[in-house]
Amino acid sequence: MTFLDISFLPDLIAIRRDIHAYPELAFNEARTAGIVARELASYGLEVHCGLAKTGVVGVLRKGSGKRAIGLRADMDALPLHEKNDFSHRSRYAGQMHACGHDGHTTMLLGAARYMAENSGRLDFDGTVYFIFQPAEESEGGAAVMIEDGLFEQFPLSAVFGLHNWPGIPVGEMAIMPGAVMAGTCAFEIAVCGRGCHAAMPHQGVDTLVVASQLVIALQTVVARNLHPCEAAVVSVTQIHGGEALNIIPDDAVLRGTIRSFKPEVQAMVEHSIEQLCAGIASAFGALIKVSFDHRYPPVINSAAETEICRQAAEALFGADRIRQNELPSMGAEDFAYMLQEKPGCYVWLGNGPGTGGCSLHNPHYDFNDDILQLGINYWVTLVETVLQKGVFSGPE
């Protein structure tokens, strides 16, 4: 493995830790966006601000080629209270970079700086759009950027994304074509019974018993309705009902999430949930209303762009360090919206065990600064691989 000499790596570590210390939630990444815009301008890039409120796009042109690609990083944090005690821990209670978006932002800034400072020595011809996206965590910032004209204002032929992944060793990546992350749908089940005194349950319809039956029954949706070679997840994550110890409540609500890769699987799961609810409602004499909230679609990598990413990663790390068995994941990612509009590829970069060996969305998580240079190397190698004359797979 031969890596680029990134002399400014200490600057990047300082930026990453500063962003970590001041996390900002969806569509409120004003401080982070300001840092991004300031840095990009200092590298001599053309800078555009304001898509999806806080989104930033940097533009680097080289040569006379009309070909263009986009590289995307997410900027937002999670509504989570950090439990780390290092010096760059979150200064904001209830807000934390627990998914590594601080690292993604910094890696893409580092790639932009390296490419700007070494443009004459790099072998590519065309335009690179550095896309810094707000609101990936549950708010669909990618879709909002697209609605605001991202691809009209910055016409490109392919778009690429990267996410750090705890558990994959440092110096390894996971890349594969097709579905790599699931689509997600939230559901709510409202149960209406008949409240009564807890000492006289025969006088009512116990909504909490009905809700408990639903929790158990929902575990059979995938296990006993879906073909064993297909994949889906149904998880109940909330139950709300009752306020007093001696009252069986009138109402209860269950909420949760469905994860799947195919529309037909999603439809089957929804139908099965509706059937179960109707049957249990009839059996217990309750009324049950089900509603579904379709959120992110699946992340689908296009074959040609995935092959280019694999070539770039193998050139950097070696073929034996590129994994496929880690994918796909039932996690969701709004980069899916970009891949619905443009061909591209979303990859995972090994984060190692990380701080405390914990996973994403954990209050003890921290991005591994040792992989900043690896992410930058990957981005630069990918740009050269895609935009070399005669190699680019997409249309002009």
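In region 223-261, what residues are assigned to a loop (DSSP other than H, G, I, E, B) and either touching a residue at least 60 places away in the same chain (Cβ under 8 Å) or not charged (D, E, K, R) (or both)?
Within region 223-261, Leu226, His227, Pro228, Cys229, Ala231, Gly241, Gly242, Ala244, Leu245, Asn246, Pro249, Phe261 meet the criteria.
Looking at Leu9, is it over 28 Å from Phe154 (Cα atoms), surrounded by fewer than 20 Cβ atoms within 10 Å (Cβ to Cβ) and either touching a Leu at 6+ places or on another chain (Cβ under 7 Å) or touching a residue at least 12 places away in the same chain (Cβ under 8 Å) (or both)?
Yes; evaluated as a whole, the condition is true for this residue.
Considering every residue within region 292-314, establish whether at least one is charged (D, E, K, R), touching a Phe, Trp or Tyr at 6+ places or on another chain (Cβ under 9 Å) and part of a helix (DSSP H, G or I).
Looking for residues that are charged (D, E, K, R), touching a Phe, Trp or Tyr at 6+ places or on another chain (Cβ under 9 Å) and part of a helix (DSSP H, G or I), one finds at least one in region 292-314, hence yes.
Evaluate the following for Gly390: is it more than 16 Å from His104 (Cα to Cα), modelled with pLDDT under 95 and in a helix (DSSP H, G or I)?
For Gly390, the condition - more than 16 Å from His104 (Cα to Cα), modelled with pLDDT under 95 and in a helix (DSSP H, G or I) - is not met.
Return the pairs, sorted by first residue and then second, in which the second residue is at pLDDT 95 or above and assigned to a strand (DSSP E or B), the first residue lies in region 280-294 and is among the charged types (D, E, K, R), the beta carbons are less than 7 Å apart, and the residues are 6+ apart or on different chains.
These pairs meet every condition: Lys289/Ala190; Asp293/Cys185; Asp293/Ala186.
Tell me yes or no: at least one residue of region 356-364 is more than 13 Å from Cys309 (Cβ to Cβ), modelled with pLDDT under 95, outside any loop (DSSP other than H, G, I, E, B) and assigned by TED's automatic domain parsing to the domain that holds Ile15.
Checked against the condition, which is being more than 13 Å from Cys309 (Cβ to Cβ), modelled with pLDDT under 95, outside any loop (DSSP other than H, G, I, E, B) and assigned by TED's automatic domain parsing to the domain that holds Ile15, region 356-364 yields at least one hit.
For Phe132, all conditions in the list (1) in a helix (DSSP H, G or I); (2) of a type outside the set (Val, Ile, Thr); (3) surrounded by 21 or more Cβ atoms within 10 Å (Cβ to Cβ) hold save one; what is the number of the exception?
All conditions pass for Phe132, except number (1).
Tell me whether region 40-61 contains one or more residues that are more than 19 Å from Pro134 (Cα to Cα) and basic (Lys, Arg).
yes
Can you name the residue in region 323-333 that is out of contact with any Leu (no Cβ under 9 Å at 6 or more places or on another chain) and surrounded by fewer than 20 Cβ atoms within 10 Å (Cβ to Cβ) and, of all such residues, is farthest from Val383 (Cα to Cα)?
Met330
The values are calculated or read from the model by the stated rules, or taken from the named source; none is laboratory data. Everything quoted here is computed from the prediction, not taken from an experiment. No Cβ is skipped: glycine too gets one built from the backbone with ideal geometry, and neighbour counts run over all protein chains shown.
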